[in-house]
Structure formats: structure tokens, C-alpha cells
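The values are calculated or read from the model by the stated rules, or taken from the named source; none is laboratory data. For clarity, every value in this text was computed on a predicted model and none was experimentally measured. Reconstructed Cβ throughout: ideal geometry from the backbone, glycine too, with neighbour counts over all protein chains shown. These accessible areas exclude ligands, DNA and RNA; they are computed on the full protein's heavy atoms, side chains included. Shrake-Rupley method; radii C 1.70, N 1.55, O 1.52, S 1.80 Å.
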Amino acid sequence: MKSELQSGKRAPALGPQSTLGVVSLASCVETSALRAGCGALRALSGWQIERSSSVLATERDFAGSPTSRAAALMEMWQSIDVNAILCARGGYGSNYLLPLLDFEAMKHAPKPFVGYSDNTSLLLALDRAGVATFHGPMVASDFATGRAEGASFLAALRGEALDFCFPVGSTVQCLSDGEAQGSITGGCLSVVVTSLGTPWEIETRGRILFLEDVNEKPFRIDRMLMHLLLAGKFEGVCGIIFGAMLGCAPSSEQEESLEQVISRILGGLGVPIVLGFPSGHVEAGNLTLPFGVPAHLHSSRQGIRLQVEPATLVSL
């Protein structure tokens with residue numbers, strides 16, 4: 001299936017002298033993890049790292065008050081010295097920021113925004129605002145622990161197209177054959193579901209839908225997929241990609257497997273369905289997946305291929 005949806009607005013690509021801004025938008029961050037992540041990121045990219053003044057703030061389990069976190073993000077976004085913004089970690093609390101952010105201003109001057117997990121709230125809101133974003137590794141969660149996959153991260157921010165190929169026998173498997181063209185949207189499944197009924201509700205028609213989560217048993221995945229199905233969010237979807245889904249296996253042999261749950265609920269849609277794409281909650285090799293730009297998914301029993309057009313613009 002092919003999408004007619006227009007792409008999100010793309011930010012300028014990063015060059016050799018670029019600066020990455022690091023913000024904490026959900027749960028609070030440990031100093032040691034942040035320091036390790038910034039060091040690894042600097043070593044990988046050669047880019048300068050600028051941490052927001054409140055990146056280590058704490059208020060209960062959050063990284064500061066909603067007002068201070070929203071202000072930190074807007075300050076980074078509007079700074080002429082910061083070229084891209086990375087989340088320090090996920091956890092919980094990014095949804096508090098949604099009514100406090102100026103998405104019109106963010107669309108007017110787009111910047112690469114990279115995160116996942118709880119920060120799915122912001123990925124969806126920026127998508128609705130028409131800004132291309134990146135579902136990818138976070139500073140204290142992934143760069144600090146060696147889970148980030150560096151090649152796709154650098155390529156995506158430098159304005160290169162991405163071409164992900166997974167042969168037969170890899171951890172990425174085809175649940176339903178087919179091809180799909182459209183921009184990608186989605187993120188953490190449990191957060192995607194909570195967007196329903198809000199002004200920042202996920203828009204899926206004509207899109208390739210990416211869903212991932214961690215430590216959710218198959219019956220809970222069943223509940224969330226049925227919620228999206230009953231809400232009409234699979235109507236007009238071009239293709240579906242599931243992440244690694246760590247900790248989402250059944251507790252006993254009597255329970256349905258995750259593959260069985262997905263196929264039973266979504267198998268009749270007639271679109272390609274893939275399981276195991278390593279972006280988000282992964283054990284290793286957290287890929288950067290651009291949202292909001294044209295992509296082409298090919299799913300077959302002979303292998304999986306996902307091609308994504310450049311999500312940042314290279315100056316001529």
C-alpha cells in the first residue's frame with residue numbers, strides 16, 4: 001500500500017561543528033549515567049554536547065517541575081547554538097509538558113529530536129505539528145550503556161538515507177507479507193494508547209505504524225492492540241512494524257505467544273507486518289528510526305527491508 005500523506009518538516013542536517021542539546025523531560029537522571037552517556041556521545045560523533053541547566057533537577061520522581069522541563073526544551077529548541085536535541089532518558093512524565101510547549105514555534109524552526117519510551121508523547125505531538133522526529137537512543141539509557149547503534153544515529157542526523165536489511169534467520173521476522181510506502185509514526189505502545197482522546201492523538205491513516213514496548217505480557221499487548229483497533233487506528237494503515245518487545249513473552253506454554261496475538265488481531269488487515277525491529281527498548285544495537293519522512297517497507301519470508309529517506313536537509 002502507498003501513502004499520500006505529506007512528510008513532516010525536516011530540520012537542517014548536522015555538520016562537523018554541530019552541538020547536541022541534552023534535556024531531561026520525564027523521570028530524573030543519575031549524574032553518573034548522564035556523564036557516561038555524554039562522554040560516549042562525544043566520542044562517537046565529535047559533536048559538542050550542551051546539557052540543559054536543569055538536566056539533573058529532581059522533583060519527586062520527575063526531572064523537575066513540568067514548567068521547568070518545558071522551559072528547558074523550548075530554550076534548547078530556540079537556541080541558535082544547539083543543532084539537535086536528545087532526551088537523557090524516559091521513565092514517566094513527558095505528557096505533563098504537552099500543554100506547555102509552543103509547537104507552532106517548534107515547527108517554524110525544526111530541529112532533530114531524538115528519544116523513545118515515555119518520550120513517545122513528544123514524538124506524537126511533534127508529528128501532529130508536522131515535524132519529522134527520530135525514534136532512537138537516549139543519552140543516559142543507551143549511549144551510557146553501550147546499547148546505542150551509532151551508524152544509523154549519525155547517518156540520520158547527517159542527512160543520509162537509511163537502508164535496514166534483515167535476512168532470513170535474523171531476530172526480525174515477517175508475520176505478514178507485503179510492501180508498504182508511507183511515513184512512519186508510533187513509538188511505545190502503552191504511550192501511544194494513552195494519546196487517544198487527547199489533542200495529541202496519534203494519526204495513523206496512510207502511515208507505516210511502528211509499535212514497541214517492554215515487559216508487557218501478551219494479554220496486555222492484546223488489550224492495547226484491541227483498543228487501537230476499536231478506536232479505528234488500524235484503518236488505512238499501510239504497514240506495521242513491531243519492535244524487539246523485550247519481556248513480552250508468555251509466562252507459560254498455555255498462553256498465546258506474542259506472534260499469535262499479533263497475527264490473530266491484525267492478520268486480517270492485509271498489510272505487511274514485521275516483528276523484532278531493534279529500535280527503542282532493546283538489549284543491544286538500538287537503531288535510530290526517522291518518523292515523518294517517506295519510507296518503504298518490504299516484508300517477505302525471504303527477508304525484511306526498510307528504506308527511509310533522509311530526515312534532515314543537507315545544505316548545498
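Which one of Leu289, Leu229, Leu209, Leu306 is touching a residue at least 40 places away in the same chain (Cβ under 8 Å) and either of a type in the set (Phe, Trp, Tyr) or in contact with a helix residue (DSSP H, G or I) (Cβ under 9 Å, 6 or more places away or on another chain) (or both)?
Numbers: Leu229 fails: touching a residue at least 40 places away in the same chain (Cβ under 8 Å); Leu209 fails: touching a residue at least 40 places away in the same chain (Cβ under 8 Å); Leu306 fails: either of a type in the set (Phe, Trp, Tyr) or in contact with a helix residue (DSSP H, G or I) (Cβ under 9 Å, 6 or more places away or on another chain) (or both).
After ruling out the rest, the residue left standing is Leu289.
Give the residue that is nearest to Pro250 (Cα to Cα), with candidates limited to residues of region 212-232 that are in a helix (DSSP H, G or I) and open to solvent by 30 Å² or more (accessible area, probe 1.4 Å). Can you show your working first?
Residues of region 212-232 in a helix (DSSP H, G or I): 218-230.
From what's left, open to solvent by 30 Å² or more (accessible area, probe 1.4 Å): 219-220, 222-223, 226-227, 229-230.
Numbers: Phe219: 8, Arg220: 10, Asp222: 12, Arg223: 14, Met226: 18, His227: 20, Leu229: 22, Leu230: 24 Å.
Once the filter is applied, the top-ranked residue is Phe219.
Take the conditions in contact with a strand residue (DSSP E or B) (Cβ under 8 Å, 6 or more places away or on another chain) and closer than 13 Å to Val139 by Cα and apply them to Leu73. Does it pass? Step through it out loud before you land on a result.
On the way: in contact with a strand residue (DSSP E or B) (Cβ under 8 Å, 6 or more places away or on another chain): yes; closer than 13 Å to Val139 by Cα: no.
Answer is no for this residue.
Quick check on my filter: what residues within region 10-28 are closer than 28 Å to Ala129 by Cα and either of a type in the set (A, V, I, L, M, F, W, C) or open to solvent by 60 Å² or more (accessible area, probe 1.4 Å) (or both)?
Our first condition is that a residue be closer than 28 Å to Ala129 by Cα; within region 10-28, this holds for 10-15, 18-28.
Selection gives Arg10, Ala11, Pro12, Ala13, Leu14, Leu20, Val22, Val23, Leu25, Ala26, Cys28.
Within region 246-305, which strands (runs of 3 or more DSSP E) (wholly inside it) include 1 or more residues that are over 23 Å from Met138 (Cβ atoms) and open to solvent by 50 Å² or more (accessible area, probe 1.4 Å)? Don't jump to the end; show me each part of the working.
Numbers: elements: 273-277, 289-291, 294-300.
Correct list: 294-300.
Pull up region 127-137, narrow it to residues that are touching a residue at least 40 places away in the same chain (Cβ under 8 Å) and assigned to a helix (DSSP H, G or I), then point me to the one that is nearest to Ser299 (Cα to Cα). Break it down stepwise before answering.
Pass one, region 127-137, residues touching a residue at least 40 places away in the same chain (Cβ under 8 Å): 127-128, 130-137.
From the residues that got through so far, the ones that are assigned to a helix (DSSP H, G or I) too are 127-128.
Numbers: Asp127: 25, Arg128: 27 Å.
So, considering only residues that are touching a residue at least 40 places away in the same chain (Cβ under 8 Å) and assigned to a helix (DSSP H, G or I), the one nearest to Ser299 (Cα to Cα) is Asp127.
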Out of (1) at pLDDT below 95; (2) open to solvent by 40 Å² or more (accessible area, probe 1.4 Å), the one Glu75 does not meet is (1)
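Mind listing whichever residues of region 138-165 are open to solvent by 30 Å² or more (accessible area, probe 1.4 Å) and part of a strand (DSSP E or B)? Please lay out each step first, then the result.
Narrowing region 138-165 to residues open to solvent by 30 Å² or more (accessible area, probe 1.4 Å): 144-147, 149, 151, 158, 160-161, 163, 165.
The answer is Asp163, Cys165.
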Picked from region 181-198 (must be open to solvent by 30 Å² or more (accessible area, probe 1.4 Å) and without any contact (Cβ under 8 Å) to a residue 60 or more places away in the chain), the residue nearest to Gly91 (Cα to Cα) is Ser190
Just a yes or no: is a residue in region 104-116 farther than 19 Å from Ala148 by Cβ, assigned to a loop (DSSP other than H, G, I, E, B) and either open to solvent by less than 10 Å² (accessible area, probe 1.4 Å) or among the small types (Gly, Ala, Ser) (or both)?
yes
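For region 306-316, how many residues meet the condition of being open to solvent by less than 50 Å² (accessible area, probe 1.4 Å) and in a strand (DSSP E or B)?
Kept after step one, since they are open to solvent by less than 50 Å² (accessible area, probe 1.4 Å), are these residues of region 306-316: 306, 308, 310-312.
Keeping just the survivors that are in a strand (DSSP E or B) gives 306, 308, 312.
Counting residues in region 306-316 that are open to solvent by less than 50 Å² (accessible area, probe 1.4 Å) and in a strand (DSSP E or B) gives 3.
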Could you tell me how many of the residues in region 153-186 are more than 17 Å from Leu297 (Cα to Cα) and among the small types (Gly, Ala, Ser)?
4
Just give me the residues in region 29-49 being surrounded by fewer than 18 Cβ atoms within 10 Å (Cβ to Cβ) and in contact with a Ser or Thr (Cβ under 6 Å, 6 or more places away or on another chain), in sequence order.
Gln48
The lone exception for Ala43 - which of (1) under 19 Å from the mean Cα position of the chain (by Cα); (2) among the small types (Gly, Ala, Ser); (3) at pLDDT 95 or above it fails
(1)
Number of positions in region 166-198 that are assigned to a strand (DSSP E or B) and of a type outside the set (S, T, N, Q)
12
